[in-house]
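The values are calculated or read from the model by the stated rules, or taken from the named source; none is laboratory data. Please read all numbers here as calculations on a predicted model, not as lab measurements. For neighbour counting, all protein chains shown are included, and Cβ atoms are generated from backbone atoms with ideal geometry for every residue, glycine included. Please note that ligands, DNA and RNA were not included when accessible areas were found on the heavy atoms of the full protein model with its side chains. Shrake-Rupley method; radii C 1.70, N 1.55, O 1.52, S 1.80 Å.
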Amino acid sequence: MKYVPVSEVKVGLAFNKMPTHVGRLAARDGVVYFEYDRDFLKSGLDISPLRLPLQPGLRSFDRFLFEGLPGLFNDSLPDGWGRFLLDRFARGQGILPDQLGPLDRLAHVGNNGMGALIYEPDQSQAACENEINLDALALHAREVLNGEAQDVLNELLALNGSSAGSRPKVMVGVNECRENIVHGIVDLKEEYEPWIVKFFNSTDGLDSGAVEYVYALMAEKAGLEMSDVHLFAADKGPGYFATRRFDRVGEKRLHVHSACGLLHSDFRTPSLDYEDLITLTGMLTRDVREVEKMFRLAVFNVLAHNRDDHAKNFSFLMSDTGEWKLSPAYDLTFSSGPRGEQSTMVMGEGANPGIEHLRKLGEEAKLDKACVNEIIEQTQDALANWSELAREFGVDRENVGLIKDKLGQQK
């Protein structure tokens, strides 16, 4: 198959079924350029106010960050598992993955990305609405990771959309009683809601889904805003972790922008402090309640030993009226960061952030001292449920003890 690179991509914003033209991306001599559409400039919808504000003219960006894309559009690209799938698919078509430029990859996202941004040409894989079996999909994912099962790549690509992260995952439709699961990224039937289901990767334990599920339950008890979660039964291990997508509300789509994309902060080389995220939240939302939500998330991540709290794991949602708010929390689980440190520092401390660092963060955020102490105490009370919940939902006994010990060290 002869490879014909995509040299131009039209960008749209689809809050509903009538998308708005945003602008145009073009690649010339290895440089990616972007220009807003004149009519969109009049809309006042500042979809990336820090690094790509509503301004006329042609712009280009650092060629060594995000493959030359603005962070706004890099957020649409899958990484980890999704990138692996596309690379495998390309090889099957006789195309080397290195030949695929960022515009090729955006074209493969097409209309199926997270959030409200869409791209033309749309070269995304079409998915049917058949019911699916999670155990069969998990098996297919393991086969693909092992270099087998070329024939199921199309299905897995169609179900991935632009979801990020290293663990295999699928975007599906789930009915209200959570018994029927269908292929589903766009145009779901009325009785189905859009969900994401995660599988185990080669380095996960079989109980990784249960660990993340228990963390979600504890996060909810700690007062964090969470999307609905569920633990679907599995033929191996206690189950598959699933969460309802927060970028969809009925037939409406919400614009999603990560801290990584907003700040042009490469999540692979952590450099952020929660103080930066607090400042970003206040600047973007102008709402002290959203600042408090970000502080609460910082407290949970530190005390729960979730050290993979990099810049892509914080996102903001924008409505069709231009109002910003912090997204529900996601990717909360027991984890280690770079060299075992917190990926996002707390007041300059990455190795061993603790309660005093969190109190200082709350003070810098101008939160009431009583509120700060209440959030810390509520989080500690929620985490005290770890052992009971972990045993209830089938976490491996050794992991129950290991994580309990680590949670007990957070002082």
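For every residue, the table says whether it meets (1) part of a loop (DSSP other than H, G, I, E, B); (2) aromatic (Phe, Trp, Tyr); (3) at pLDDT 90 or above.
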position	(1), (2), (3)
73	no, yes, yes
78	yes, no, no
82	no, no, no
85	no, no, no
91	no, no, no
107	no, no, yes
111	yes, no, yes
114	yes, no, yes
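Here is a check on your reading of the model: is residue 279 under 27 Å from residue 15 (Cβ atoms), outside any loop (DSSP other than H, G, I, E, B) and among the polar types (S, T, N, Q)?
For residue 279, the condition - under 27 Å from residue 15 (Cβ atoms), outside any loop (DSSP other than H, G, I, E, B) and among the polar types (S, T, N, Q) - is not met.
Residue 320 - would you say it is in contact (Cβ under 8 Å) with a residue 24 or more places away in the chain, touching a strand residue (DSSP E or B) at 6+ places or on another chain (Cβ under 8 Å) and open to solvent by 50 Å² or more (accessible area, probe 1.4 Å)? Can you show your working first?
Values: in contact (Cβ under 8 Å) with a residue 24 or more places away in the chain: yes; touching a strand residue (DSSP E or B) at 6+ places or on another chain (Cβ under 8 Å): yes; open to solvent by 50 Å² or more (accessible area, probe 1.4 Å): yes.
So residue 320 fits the description; yes.
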Among (1) more than 30 Å from residue 381 (Cβ to Cβ); (2) open to solvent by less than 30 Å² (accessible area, probe 1.4 Å); (3) of a type in the set (A, V, I, L, M, F, W, C), the one test that residue 177 misses: (2)
Set 349, 374: member being without any contact (Cβ under 8 Å) to a residue 12 or more places away in the chain and closer than 20 Å to residue 219 by Cα: 374
Neighbours by Cβ (under 8 Å, 6+ apart or cross-chain): first from region 192-204, farther than 14 Å from residue 132 by Cα; second of a type in the set (Asp, Glu) and open to solvent by 20 Å² or more (accessible area, probe 1.4 Å): 193/176
Subset of region 9-55 (residues that are in contact (Cβ under 8 Å) with a residue 24 or more places away in the chain, under 30 Å from residue 99 (Cα atoms), out of contact with any strand residue (DSSP E or B) (no Cβ under 7 Å at 6 or more places or on another chain) and in a loop (DSSP other than H, G, I, E, B)): 30, 51
Subset of region 344-368 [over 17 Å from residue 409 (Cα atoms), touching a strand residue (DSSP E or B) at 6+ places or on another chain (Cβ under 9 Å) and not in a strand (DSSP E or B)]: 344, 347, 348, 360, 361
Residue in region 78-94 that is touching a residue at least 24 places away in the same chain (Cβ under 8 Å) and within 20 Å of residue 284 (Cα to Cα) present: no
Matching residues, region 286-317, being under 22 Å from residue 73 (Cβ atoms) and touching a strand residue (DSSP E or B) at 6+ places or on another chain (Cβ under 6 Å): 312, 315, 316, 317
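Can you work out which of the residues in region 329-343 that are part of a loop (DSSP other than H, G, I, E, B) and touching a Lys or Arg at 6+ places or on another chain (Cβ under 9 Å) is most open to solvent (accessible area, probe 1.4 Å)?
Result: 336.
Residues that are at pLDDT 85 or above and among the small types (Gly, Ala, Ser): which strands (runs of 3 or more DSSP E) entirely in region 132-218 hold 1 or more of them?
Because the criterion is at least 1 residues that are at pLDDT 85 or above and among the small types (Gly, Ala, Ser), the strands (runs of 3 or more DSSP E) in region 132-218 that meet it are 169-175.
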Residues satisfying the stated conditions in region 233-253, i.e. open to solvent by 30 Å² or more (accessible area, probe 1.4 Å), assigned to a loop (DSSP other than H, G, I, E, B) and either within 18 Å of residue 319 (Cα to Cα) or in contact with a Ser or Thr (Cβ under 6 Å, 6 or more places away or on another chain) (or both): 246, 250, 251
Hits in region 288-312 (condition: open to solvent by 20 Å² or more (accessible area, probe 1.4 Å) and within 14 Å of residue 358 (Cα to Cα)): 292, 293, 296
Which numbered condition residue 3 misses (of (1) at negative phi; (2) in a loop (DSSP other than H, G, I, E, B); (3) free of Cβ contacts under 8 Å to residues at least 60 places away in the same chain): (3)
Complete set of residues in region 59-73 that are open to solvent by 20 Å² or more (accessible area, probe 1.4 Å) and either free of Cβ contacts under 8 Å to residues at least 24 places away in the same chain or not acidic (Asp, Glu) (or both): 59, 60, 61, 63, 64, 65, 66
Enumeration of residues in region 393-411 that are over 26 Å from residue 295 (Cβ atoms), touching a residue at least 24 places away in the same chain (Cβ under 8 Å) and open to solvent by 20 Å² or more (accessible area, probe 1.4 Å): 393, 394, 396, 399
Residues satisfying the stated conditions in region 44-58, i.e. more than 13 Å from residue 257 (Cβ to Cβ) and either surrounded by 16 or more Cβ atoms within 10 Å (Cβ to Cβ) or among the aliphatic types (A, V, I, L, M) (or both): 54, 58
Residues that are buried (at least 20 other Cβ atoms within 10 Å of the Cβ) and over 22 Å from residue 66 (Cβ atoms), drawn from region 267-280: 274, 278
Some residue of region 285-299 being at pLDDT 95 or above and outside any helix (DSSP H, G or I): yes
